[in-house]
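Q: I have a structure I would like to understand better, so I am pasting it below and will then ask my questions one at a time.
Computed from the coordinates by the stated procedures, all read-outs in this text should not be read as laboratory data. Because the structure is a prediction, the values reported are computed rather than measured. Ideal geometry is used to build each Cβ from the backbone, glycine not excepted, and the neighbour counts take in all protein chains shown.
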Ligand SMILES: *Cc1c(COP(=O)(O)O)cnc(C)c1O
C-alpha cells in the first residue's frame with residue numbers, strides 16, 4: 001500500500017516546481033537559492049515522514065525561510081539591554097558607518113598619503129577623545145576578551161589578586177574566575193563574600209603579583225554587613241589595578257549613580273579599565289581597554305591581541321556610536337515617562353479595540369544586560385490580554401513584551417517612537433485572528 005498510487009509521498013511536490021512558485025522564487029532572489037532550496041528539501045522530508053501533508057510543503061518551506069534568524073524584533077519588554085535581543089541597538093550613524101564599511105574601506109589606510117595607517121584609528125581616536133583620562137585605548141571583541149588579554153599579557157605565570165566578593169558569574173554560565181584561570185594566570189582570592197578590606201589585598205601582594213583586579217558585580221547586590229575596597233584605595237598598593245567596570249559607561253550618568261564609569265575609575269587611579277561596547281555605551285559588541293599608555297601598549301603588542309582583533313564593521317559601528325549625537329540605549333534610558341504614557345494612550349486609541357482588552361498602565365523598566373541591578377525606571381505600557389503574547393512574538397513583525405499576572409505588557413520605553421505605527425499594525429493583525 002505504501003508504494004501504491006495512494007502513497008502520499010508520491011504527491012510531495014518536486015523541487016523545481018516549488019522553486020518556480022512566485023513567493024519561493026522571490027525568497028530565492030532575496031536570500032539566495034541555496035537557502036531556499038535547503039528549506040524546500042527540509043519541508044519535503046517532513047512530508048515524506050508524514051509530519052505534514054504534501055499540500056503543506058510549499059507553505060512550510062516559505063515559513064522556514066521567513067523565520068530564519070536573525071529577524072528585527074520590537075523590544076517592548078522594558079529591558080533596555082536585553083541579552084537575548086542582542087543588547088544595544090545601533091544608532092543611525094553607527095548603522096550608516098557599518099553600511100559604508102561593508103565594502104572596501106580605509107580601515108587601515110591613510111588616503112592622504114596612500115600609506116598604511118593604524119587600524120580603526122577613527123574609532124580609537126573617538127574613544128580616546130571621549131575619555132581624556134586614558135593615556136591610550138584599545139578595542140577587542142568583547143568584555144571577556146578584554147579581560148583575557150589583560151590577564152594573559154599582564155599576569156601569565158603570575159597572580160591576579162581579587163576579592164572573593166567579586167568572583168562573579170555574568171550570565172549563561174560565564175564565570176569570570178574560570179575565564180581568568182583559562183589564561184594560565186592564578187587567582188589569589190582575598191577577603192570574604194561580603195567583606196574585603198585593603199589589608200586583605202595588602203597581605204596577598206608579593207613578587208608573584210601580576211595585578212589587582214576590581215570587578216564591578218554588575219548583576220546583583222550584596223546588602224547588609226558588607227565592605228569592599230574602592231579603586232582609589234587599591235591604587236595606593238603600588239601594583240597595577242585593573243578595573244572591569246562592565247557596562248561601558250564612559251562618563252557618569254546621574255540616572256545610574258551606582259554604575260561605575262571609565263573616566264571616574266581612571267581618575268580614581270585605575271591603571272587599566274575594561275568594559276563592554278554593547279551595554280550602556282550603546283554600541284556594537286566590543287571590549288574596550290582604556291588606561292596607562294605603557295600597559296595598553298603591552299596589550300596591543302601581545303601576540304594574542306591579533307586573535308582578539310575586531311573587524312572593520314565593529315570599528316565602524318563604534319566610531320559611528322561615539323561620533324553620533326546619542327544612542328537608542330541612552331534615549332531609552334532617559335525616556336520621559338509622560339511621553340511614554342502619551343504614546344501608549346495614542347496607541348490604545350488608534351487600536352479601536354474594546355477598552356477591557358487594551359489598557360494603559362504604569363510599569364517599571366529595568367536596565368538589564370547585567371547592569372544596574374535594583375534600578376527601576378518609571379514607565380508606561382499598553383496592557384493586552386495574555387493571549388496576544390504568542391501571536392505577537394511569532395508574527396511577521398515579532399514583538400516581545402512581558403507577561404505579568406495574566407496580562408501582556410508592552411512597555412514603550414525601548415520601542416522607538418517611529419515604530420509605533422508598526423507596533424499598532426502588529427497588534428491589529430493579532431486582533432483579527434480568532435484567538436485574539
Ligand atoms: C558584561 C560584563 C562582562 C562581559 O562582557 P562581554 O562584553 O559580555 O564579554 C565582564 N564583566 C562585567 C563586570 C560585565 O558586566
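Q: Suppose R0 equals 35 Å; then what is the FRET efficiency for residue 9 and residue 353 from their Cβ-Cβ distance, rounded to the nearest 0.05? Kindly include the intermediate steps, with their values, before the conclusion.
A: On the way: r = 45 Å, r/R0 = 1.29.
Computed FRET efficiency for residue 9 and residue 353 comes out at 0.20.
Q: Whole angstrom only: what separates the Cα centroid of the range 53-110 from the Cα centroid of the range 214-258?
A: 34
Q: Could you work out how much longer the chain between residue 323 and residue 300 gets when fully extended? Use 0.36 nm per residue separation minus the Cα distance between them, nm to one decimal.
A: Details: separation 23, 0.36 × 23 = 8.28 nm, distance 2.36 nm.
Length gained between residue 323 and residue 300: 5.9 nm.
Q: If I build a Gaussian network model for the chain, linking alpha-carbon pairs within less than 10 angstrom, which residue out of 41, 265, 314 has the largest mean-square fluctuation?
A: Most flexible of the set in this elastic network: 41.
Q: As a check on your grasp of the helix formula, calculate [θ] at 222 nm for the chain: sum -39500 (n - 2.57) over DSSP H runs of n ≥ 4, divide by the residue count, round to the nearest 500.
A: The per-residue figure over the chain is -10500 deg cm²/dmol.
Q: Calculate the translational D of the range 92-325 in whole µm² s⁻¹ from Stokes-Einstein, where the hydrodynamic radius comes from the Kirkwood formula applied to all Cα pairs, the temperature is 4 °C and the viscosity 1.567 mPa s. Could the numbers behind the result be given before it?
A: On the way: Rh = 18.2 Å.
Stokes-Einstein gives a translational diffusion coefficient of 71 µm²/s.
Q: In degrees from 0 to 90, rounded to the nearest 10, what is the angle of the helix 121-130 Cα long axis to the longest principal axis of the chain?
A: The answer is roughly 60 degrees.
Q: Just to be sure I understand: if I project the alpha-carbon convex hull of the range 20-87 onto a plane and average over all orientations, what area do I get in nm²?
A: Values: hull surface 24.2 nm².
Averaged projected hull area, Cα only: 6.0 nm².
Q: With the cut-off at 16 Å, report for the range 67-110 the share of all Cα pairs above it, as a whole percent.
A: On the way: 539 of 946 pairs.
Tail fraction, whole percent: 57.
Q: Here is a follow-up. By the gyration tensor of its Cα atoms, with a ≥ b ≥ c the square roots of the eigenvalues, what is the shape of the chain: rounded for a/c under 1.5, prolate for a/b over b/c, or oblate?
A: Working: a/c = 2.01, a/b = 1.60, b/c = 1.26.
Because a/c hits 1.5 or more and a/b exceeds b/c, the chain counts as prolate.
Q: Cut-off 10 angstrom, C-alpha nodes, Gaussian network model of the chain. Which of 304, 290, 74 fluctuates the most?
A: 304
Q: Note the angle between two axes, namely the Cα long axis of helix 312-323 and the longest principal axis of the Cα atoms of the chain, as a number of degrees from 0 to 90, rounded to the nearest 10.
A: Around 70 degrees separate the two axes.
Q: What base-10 log of the normalised intensity I(q)/I(0) is obtained for the range 210-276 from the Debye formula, alpha carbons as equal point scatterers, at q = 0.14, 0.15, 0.23 Å⁻¹?
A: -0.40, -0.46, -1.03
Q: Next up: Highest GNM mean-square fluctuation, the chain, Cα pairs closer than 10 Å: which of 78, 173, 120?
A: 173
Q: Please determine, in degrees from 0 to 90 and to the nearest 10, the orientation of helix 420-432 with respect to the longest principal axis defined by the Cα atoms of the chain, where the helix direction is its Cα long axis.
A: It works out to around 40 degrees.
Q: For the residue pair residue 69 and residue 31, what label-to-label distance in nm results when each label sits 7 Å from Cα along the Cα-to-beta-carbon direction?
A: Modelled inter-label distance: 1.5 nm.
Q: At a threshold of 8 angstrom on Cα-Cα distance, excluding pairs fewer than six apart, so keeping six or more, what relative contact order does the chain reach in percent? Let's see the in-between values first.
A: On the way: 824 pairs, mean separation 85.2, N = 436.
Relative contact order of the chain: 20 percent.
Q: Once the piece of chain linking residue 397 and residue 345 is laid out straight, how much longer is it, given 0.36 nm per residue of separation minus the C-alpha distance between them? Let's see the in-between values first.
A: Values: separation 52, 0.36 × 52 = 18.72 nm, distance 2.13 nm.
Result: 16.6 nm gained on full extension.
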